[in-house]
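The values are calculated or read from the model by the stated rules, or taken from the named source; none is laboratory data. Small disclaimer: the values here were computed from a predicted structure and weren't measured. All Cβ positions, glycine included, derive from the backbone under ideal geometry; neighbour counts span all protein chains shown. In case anyone asks, the SASA skips ligands and DNA or RNA and just uses the protein heavy atoms, side chains included. Shrake-Rupley method; radii C 1.70, N 1.55, O 1.52, S 1.80 Å.
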Amino acid sequence: IRELVGYAVSQGAIVKFSCEHASQHWRGDPGLFSAYVAAYETGASTVSIPDTAGILLTDEVPLLLQKMRQHLTCDISVHFHNDLGLATANTVAAAAAGATELQVCVNGLGERAGNASLEEVAYLMCHRYGRLPPLDFIALKRLSDYVYDASGLQPGFNKPFWGQNAFAHESGIHVAAIEAGEEHLYSALPARMIGREISILLGKHAGLANIRMFVRKH
C-alpha cells in the first residue's frame with residue numbers, strides 16, 4: 001500500500017483508497033485500520049469504506065466512522081450496497097456521523113440489489129437534514145428516466161420516488177385528506193415536486209372521495 005499509493009501521489013494522481021469488505025472486518029481486524037493509515041500517511045486524500053456485501057447495520061455506521069476518525073483526519077467516503085434494504089439509511093447515517101463523501105447511484109442501480117439511491121439520499125439531505133441546498137428534482141426525474149431508458153430497466157412498482165405505486169392512493173381516508181388539500185398527511189413528499197402526479201385508485205378500500213376525484217380526472 002505504501003509503495004503503490006506513494007508512487008501514484010508522486011506522479012500527481014489524486015488517490016482515494018478503499019479496502020474491499022471493510023464493513024465485514026472493522027470490529028475484529030486491526031489490520032484493516034493499519035491499511036487505511038498506511039494509505040493516508042503516504043498521500044491518499046480520501047479513504048473509502050465499502051459495505052461490499054450490504055451487511056452493515058445502521059446503528060453500526062456511526063461506530064465505524066468514529067473508529068475511523070481515531071486513526072484518520074482525511075476525507076472519508078462511504079459506499080453502501082442495498083442487499084438488506086439499508087443502503088439509503090446507512091448513507092445518511094454516515095453523513096450525520098461525519099462522512100465527507102457519499103457514493104450514490106442514479107435510481108439505486110448497482111451490483112445485486114443495488115446501491116444507495118441518488119434521489120433518496122439527495123432528498124433526505126436537502127429536506128430532512130438540511131445539509132444540501134435545494135436541488136432541481138424535476139431535472140433529477142429527467143435523469144432518472146434517461147438512465148432507466150438507457151439501461152433497459154424499469155423501476156419496481158413500489159420503488160420510492162419513481163415506482164408506479166409511489167403516489168397511488170386507494171384508501172378512502174387517504175384520498176379524503178388529499179381532496180381536502182392535505183396531501184402531506186399521507187405522502188412523505190409532494191408528488192409534483194419531483195415531477196410525479198398523484199394517482200387515485202378504485203378498490204375495496206375506496207370511499208366517496210375516491211369516486212369524486214376519479215370522475216373529475218377521467
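Working carefully through the options ALA99, ALA93, ALA116, ALA87, find the one that is farther than 27 Å from GLY156 by Cα, surrounded by 18 or more Cβ atoms within 10 Å (Cβ to Cβ) and not polar (S, T, N, Q).
Values: ALA93 fails: farther than 27 Å from GLY156 by Cα; ALA116 fails: farther than 27 Å from GLY156 by Cα; ALA87 fails: farther than 27 Å from GLY156 by Cα.
ALA99 is the lone residue from the list that is farther than 27 Å from GLY156 by Cα, surrounded by 18 or more Cβ atoms within 10 Å (Cβ to Cβ) and not polar (S, T, N, Q).
State the number of residues belonging to segment 183-193 that are open to solvent by 70 Å² or more (accessible area, probe 1.4 Å), assigned to a loop (DSSP other than H, G, I, E, B) and not hydrophobic (A, V, I, L, M, F, W, C). Spell out how you get there, then give the answer.
Restricting attention to segment 183-193, the residues satisfying the condition of being open to solvent by 70 Å² or more (accessible area, probe 1.4 Å) are 184-186, 188, 192.
So of that shortlist, the ones also assigned to a loop (DSSP other than H, G, I, E, B) come out as 186, 188.
Next, only the ones that are not hydrophobic (A, V, I, L, M, F, W, C) stay: 186.
Looking only at that region, the number is 1.
Is it the case that some residue within segment 45-65 is more than 20 Å from ASN115 (Cα to Cα) and assigned to a helix (DSSP H, G or I)?
Within segment 45-65, one or more residues are more than 20 Å from ASN115 (Cα to Cα) and assigned to a helix (DSSP H, G or I).
Could you please give the count of residues in segment 67-84 that are in contact with a strand residue (DSSP E or B) (Cβ under 8 Å, 6 or more places away or on another chain), open to solvent by 10 Å² or more (accessible area, probe 1.4 Å) and closer than 16 Å to TYR40 by Cα? I'd like the intermediate steps shown before the answer.
Step one: of segment 67-84, the residues in contact with a strand residue (DSSP E or B) (Cβ under 8 Å, 6 or more places away or on another chain) are 68-69, 72, 74-82.
Checking the rest, the ones that are also open to solvent by 10 Å² or more (accessible area, probe 1.4 Å) come to 69, 74-75, 79, 81-82.
Filter once more, keeping what is closer than 16 Å to TYR40 by Cα: 69, 74-75.
The total comes to 3.
Among all residue pairs at least 6 apart or on different chains, which show Cβ distances below 9 Å where the first residue, located in segment 200-218, is under 16 Å from ASN165 (Cα atoms) and the second is loosely packed, with under 14 Cβ neighbours inside 10 Å and β-branched (Val, Ile, Thr)?
HIS205/ILE173
Which ones in segment 156-181 are in a loop (DSSP other than H, G, I, E, B) and open to solvent by 50 Å² or more (accessible area, probe 1.4 Å)?
Filtering segment 156-181 for residues in a loop (DSSP other than H, G, I, E, B) gives 156-167, 170-171, 180-181.
Those that are in a loop (DSSP other than H, G, I, E, B) and open to solvent by 50 Å² or more (accessible area, probe 1.4 Å): PHE157, ASN158, PRO160, GLN164, ASN165, GLU170, ALA180, GLY181.
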